[in-house]
Amino acid sequence: MSQQVEQLSCREFVELVTDYLEGALPEEERLRFEDHISRCDGCTAYLEQIRQTVAVAGRLTEDSLSPDAERVLLDAFRDWHRT
Ligand SMILES: [Zn+2]
């Protein structure tokens, strides 16, 4: 069984967001990341939220992505995906 590019889950997406915005993702990961955005409205909205946070804060800090905040966002994803 040979699988093509493994698709990113929403949880992985959230974990990669900071690296993506910092330009720290290897190209392969970045492509999977952008592929996920093109298919997932929830993550597109999430990415926009993070972008705005960065715009306001000037940069991404550890505080702006605390584990609690991540959990809240992941809960929100579950709602979005539950149709
Ligand atoms: Zn997603």
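Bear in mind these aren't lab numbers, they're just calculated from the coordinates by the rules spelled out. Note that this is a predicted model, so its numbers are computed, not measured. As a convention, Cβ positions derive from the backbone with ideal geometry for all residues, glycine included, and neighbour counts pool all protein chains shown.
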Taking K and R as +1 and D and E as -1, what net charge do the other residues with C-beta under 12 Å from the C-beta of residue 34 add up to?
-> -1
Listed peptides 18-26, 40-48 by packing density, highest first (mean Cβ within 10 Å) = 40-48, 18-26
Neighbour net charge for residue 7 - beta-carbon separation under 11 angstrom, K R +1, D E -1 | -1
Quick one: if the Förster radius is 30 Å, what FRET efficiency do residue 52 and residue 9 give, using the C-beta to C-beta distance and rounding to 0.05?
-> 0.80
